[in-house]
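The values are calculated or read from the model by the stated rules, or taken from the named source; none is laboratory data. Remember, predicted model here, so these are calculated numbers, not experimental data. Here the Cβ is made from the backbone with ideal geometry for all residues, glycine too, and neighbour counts use every protein chain on show.
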Amino acid sequence: MSLAPNAPFPASRQVAIWLWMMCTLIVLMVAVGGITRLTESGLSMVRWEPVKGVIAPQTPEAWQEAFDAYKVKAGAQFEKFSADREMTLQDYQKIYFWEYTHRLLGRLIGIVYALPLFYFLLRAPMPKSWQIKLWIGLFLGAAQGVLGWFMVTSGFADLPYVSHFRLAAHLCLALFVFAYLLWLILDLMPFWTHRRENYDKLKGLRIFAGFFLGLLTLQIVYGAFTAGLRAGYMYPTYPMMGGRFFPMDGNASAFGSFARNLVYNPVLVQFVHRHLGLAVFVMAVVLWALAMRVRLMERQKLAVNLLLIAVSLQFVLGIFTLVSGMNIGLAVAHQVCACFLLGAAVMTFHEFTAPKMVTSLRS
């Protein structure tokens, strides 16, 4: 049975809609995760209870028990919060709310992925290659849950915050799952207009788009480092840092070797993050300008235009977030816009890649 590339299997449209829902939930999860981090709520739930944890404490006694466990397990953060005024049960409930919402949303994402997956596998004939791709998505989601708890446990130590390395890994895996599912959606969406000679002329742009994805990934990692080290609260000015291009207290040997300073020194981390942001913006503009010189298909043109819009918005949001002193609303918008920018970059790379023909349901 031969199939056109715009219809890899009969239920491809339904699968694409389902995966769109998943991508939307992941963006929402990233937003709630950003609020959880900015409100320092991530350590409020000190137990990982995938089933029992669905229900929040229901009685005053249960709330007090959870609060007491928090004082013991996350003692360093409790002491930090209590430095000026002792933290109360009501204060604890406020930070508990965001971590609880974050975990509840994670469970919802798991259910919304798993149940339709099993339905499609049982009721919708599809190539084995697509079955494997969808199973990989389930595995990645499960790994994200485990990595999230691994991140949280790093905060149950002498420092009142989680490891910025684990935070970066957690965020990057979430965005990788988002990008992976988006790629599958783009393979399934039915509005291809094939002119294979077009792809032969786009090899250079495809390589450029690949380099851009690499640079954007590095910038996302440094964004997570900036968040984890609270480096964004330092030098809320742009483009200068303390009236200088590079501030006096950004000593590149303060944390030992230069390599260690690149990932531990909050001043240097912010410096790298802000200038990587500028490099990402410039590279995206250059990619767009080069693409506009080529005769593109409509979907390719849409991709590069979305990339230009997303990178411009993200760059402006980054500056406003910094100069606002890390306003929560702006910071969350900046993090969410990173998802859209990544999505536009993935779409651009995808649209510059010649599609593969699918020839059999049993392939």
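Just to be sure before I move on: is Val332 under 21 Å from Leu171 (Cβ atoms), out of contact with any Phe, Trp or Tyr (no Cβ under 7 Å at 6 or more places or on another chain), touching a residue at least 24 places away in the same chain (Cβ under 8 Å) and assigned by TED's automatic domain parsing to the domain that holds Gly214 in the structure I sent?
So Val332 passes the test.
Which pairs have Cβ atoms under 9 Å, sit 6 or more apart or on different chains, and link a residue in the range 92-106 that is touching a residue at least 12 places away in the same chain (Cβ under 8 Å) and not assigned by TED's automatic domain parsing to the domain that holds Phe78 to one that is assigned to a helix (DSSP H, G or I) and of a type outside the set (D, E, K, R)?
Qualifying pairs under 9 Å: none.
Taking the range 205-238, which residues are in contact with a Pro (Cβ under 6 Å, 6 or more places away or on another chain) and under 30 Å from Gln300 (Cβ atoms)?
Across the range 205-238, there are no qualifying residues.
Any residue at all in the range 78-89 that is under 30 Å from Gly137 (Cα atoms) and assigned by TED's automatic domain parsing to the domain that holds Tyr161?
no
Name the pairs whose Cβ atoms lie under 9 Å apart, with the first residue in the range 8-25 and more than 12 Å from Leu134 (Cβ to Cβ) and at pLDDT below 95, the second surrounded by fewer than 17 Cβ atoms within 10 Å (Cβ to Cβ) and among the charged types (D, E, K, R), and 6 or more positions between them or separate chains?
none
Of all residues in the range 288-306, how many are in a helix (DSSP H, G or I) and touching a residue at least 60 places away in the same chain (Cβ under 8 Å)? Give the steps one after another, and end with the answer.
Initially, the range 288-306 is screened for residues in a helix (DSSP H, G or I), giving 288-291, 298-306.
From the residues that got through so far, the ones that are touching a residue at least 60 places away in the same chain (Cβ under 8 Å) too are 290-291, 298-300.
Qualifying residue count, the range 288-306: 5.
Could you please give the count of residues in the range 8-53 that are closer than 24 Å to Tyr233 by Cα, not in a helix (DSSP H, G or I) and not charged (D, E, K, R)?
Looking only at that region, the number is 5.
I'd like the residue in the range 57-90 that is part of a loop (DSSP other than H, G, I, E, B) and surrounded by 15 or more Cβ atoms within 10 Å (Cβ to Cβ) and, out of all such residues, is nearest to the chain's Cα centre (by Cα).
Ranking the qualifying residues of the range 57-90, first place goes to Ala74.
Can you tell me which condition Pro116 does not meet? The list is (1) modelled with pLDDT under 95; (2) touching a Phe, Trp or Tyr at 6+ places or on another chain (Cβ under 7 Å); (3) part of a helix (DSSP H, G or I), and all the others hold.
Unmet for Pro116, out of (1) modelled with pLDDT under 95; (2) touching a Phe, Trp or Tyr at 6+ places or on another chain (Cβ under 7 Å); (3) part of a helix (DSSP H, G or I): (1).
So, in the range 89-134, of the ones that are out of contact with any helix residue (DSSP H, G or I) (no Cβ under 9 Å at 6 or more places or on another chain) and polar (S, T, N, Q), which residue ends up farthest from Asp68 (Cα to Cα)?
So, considering only residues that are out of contact with any helix residue (DSSP H, G or I) (no Cβ under 9 Å at 6 or more places or on another chain) and polar (S, T, N, Q), the one farthest from Asp68 (Cα to Cα) is Ser129.
Here's the yes/no breakdown for (1) part of a loop (DSSP other than H, G, I, E, B); (2) within 29 Å of Gly325 (Cα to Cα); (3) more than 21 Å from the chain's Cα centre (by Cα):
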{"site": "Ala142", "(1), (2), (3)": "no, no, no"}
{"site": "Leu147", "(1), (2), (3)": "no, no, no"}
{"site": "Met151", "(1), (2), (3)": "no, yes, no"}
{"site": "Asp158", "(1), (2), (3)": "yes, yes, yes"}
{"site": "Ala168", "(1), (2), (3)": "no, yes, no"}
{"site": "Gly204", "(1), (2), (3)": "no, no, yes"}
{"site": "Phe211", "(1), (2), (3)": "no, no, no"}
{"site": "Gly214", "(1), (2), (3)": "no, yes, no"}
{"site": "Val221", "(1), (2), (3)": "no, yes, no"}
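Taking the range 230-282, which residues are of a type in the set (D, E, K, R), surrounded by fewer than 18 Cβ atoms within 10 Å (Cβ to Cβ) and either modelled with pLDDT of 90 or more or not in a loop (DSSP other than H, G, I, E, B) (or both)? If you could, list the steps in order and put the result at the bottom.
Step one: list which residues in the range 230-282 are of a type in the set (D, E, K, R), which gives 230, 244, 249, 260, 274.
Imposing the further condition that a residue be surrounded by fewer than 18 Cβ atoms within 10 Å (Cβ to Cβ) reduces the set to 230, 244, 249, 260.
Of everything in the range 230-282, those that are of a type in the set (D, E, K, R), surrounded by fewer than 18 Cβ atoms within 10 Å (Cβ to Cβ) and either modelled with pLDDT of 90 or more or not in a loop (DSSP other than H, G, I, E, B) (or both) turn out to be Arg230, Arg244, Arg260.
So is Trp48 at pLDDT 95 or above and either among the polar types (S, T, N, Q) or in the same structural domain as Thr101 (by TED's automatic domain parsing) (or both) or not?
Details: at pLDDT 95 or above: no; either among the polar types (S, T, N, Q) or in the same structural domain as Thr101 (by TED's automatic domain parsing) (or both): yes.
Judged against the criteria, Trp48 is not a match.
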